[in-house]
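> Let me give you the structure first, and then I'll get to my questions.
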Amino acid sequence: MWRKVTATSFSSLKSSVFFTRLHLQQASKHNAASASAVSRFATVAPLQEKDGRCPFITFVLGGPGSGKGTQCIKIVETFGFKHLSAGDLLRREMVSNSEYGSMILNTIKEGRIVPSEVTVKLILKEMESSDNHKFLIDGFPRSEENRIAFEKISGAEPDVVLFFDCPEDVMVKRVLSRNQGRIDDNIDTIKKRLKVFEALNLPVIDYYAKKGKVHRINAVGTVDEIFEQVRPVFKACEQKALNRS
Ligand SMILES: Nc1ncnc2c1ncn2[C@@H]1O[C@H](COP(=O)(O)OP(=O)(O)OP(=O)(O)O)[C@@H](O)[C@H]1O
Ligand SMILES: Nc1ccn([C@H]2C[C@H](O)[C@@H](COP(=O)(O)O)O2)c(=O)n1
Ligand SMILES: [Mg+2]
């Protein structure tokens, strides 16, 4: 069965090495927001077992341009996971005539984070409709609001958290040369995304680090060099993922 989890108080995070005054200000705003976001989820069902198996969940985290999507492609090829990029799901929703379209567009353009109510629904819908039971959830949770909403609604927590740790100058260079026509790949939005990453995403990584779930990957190097750090993480849990029941 799924492990049931409960939300964590922000006070337990205050001693973290990652924490700064900015984190705490942002975190308390998001803590208040998360309570109301979670209350709007009454219609979304918790994740269920499929064919007698519980999903094996990996959260893939790291700053903008740290190489999450690139490494996810290699993990899918090598280990047969289903890749769900929260950013891609939101971009797809944005262009699909959704009632949330303009809100998502403006939020992404501003480098901010879309309310969990929207993102968690999109992720859970994809998980429910997939035949796979091994998931890479890329770019999620981006904030404590995301994390708490996902854990409460799905009734699950990740088995593994990958953290692609990359210096800002490398991330900026990669994003500016990405050339995929993304509305947020410009220097002004990147600066905002980096601030949001530090203020809201590092606390999530810290939370899971304290639970012993984080595998830190040095994200500087060639794609293949980086994958050689990723490979043993999945090798080590291959049996666990296969035998999940
Ligand atoms: N190790 C690497 N060396 C050089 N370039 C890389 C490396 N990994 C990824 N890139 C390139 O950097 C850009 C950003 O990579 P990617 O899209 O995988 O990052 P991301 O973490 O998913 O970013 P975002 O959060 O903005 O979606 C892409 O153009 C990709 O081809
Ligand atoms: N959990 C998430 C993930 C993504 N977004 C928005 C904000 C991001 O800047 C944008 C692009 O995501 P990426 O492709 O870089 O992973 O999508 C969000 O609001 N919440
Ligand atoms: Mg990406």
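> Are there any trypsin sites (Lys or Arg not before Pro) in region 210-245 that are in a DSSP loop and have at most 14 other Cβ atoms within 10 Å? List them by number.
Passing both the DSSP loop test and the Cβ count: LYS211.
> Non-local amide H neighbours of SER85 (under 5 Å, H modeled in plane, Pro and chain starts lacking H): which ones?
ASP138
> Taking H placed 1.01 Å from N in the peptide plane, check which residues at least 5 places from GLY67 or on another chain put their amide H under 5 Å from its amide H.
The answer is none.
> Aspartates and glutamates within cross-link reach of LYS134: Cα-Cα under 16 Å, excluding same-chain residues under 8 positions apart?
The reachable aspartates and glutamates, counting only those whose Cα sits under 16 Å from LYS134, are GLU49, ASP51, GLU77, GLU126, GLU157, ASP159, GLU238.
> Ordered by packing density, taken as the mean number of other Cβ atoms within 10 Å over each peptide's residues, highest first, how do 145-153, 68-76, 176-184, 160-168 rank?
So the order, starting with the most tightly packed, is 145-153, 160-168, 68-76, 176-184.
> If amide H atoms are built 1.01 Å from N in the plane of the peptide, which residues on other chains or at least 5 residues away come under 5 Å of the amide H of HIS215?
HN-HN under 5 Å from HIS215: VAL161, LEU162, PHE163.
> For region 118-123, what does the Karplus curve 6.51 cos²θ - 1.76 cosθ + 1.60, with θ = phi - 60°, yield as ³J(HN,Hα) per residue in whole Hz, taken in order and with x for Gly and Pro?
In residue order, the calculated couplings are 7, 5, 5, 4, 4, 5 Hz.
> Using only Cα positions of region 122-219, each an equal point scatterer, no hydration layer, compute I(q)/I(0) via Debye at q = 0.20 Å⁻¹ and quote the log10 values to two decimals.
One equal scatterer on each Cα of region 122-219 leads to -1.16.
A short reminder: the numbers here are calculations on the coordinates, not readings from a lab. Here the structure is a predicted model, which is why all the values come from computation and not from measurement. Quick reminder, even Gly has a Cβ in these numbers, built from the backbone with ideal geometry, and neighbours come from all protein chains shown.
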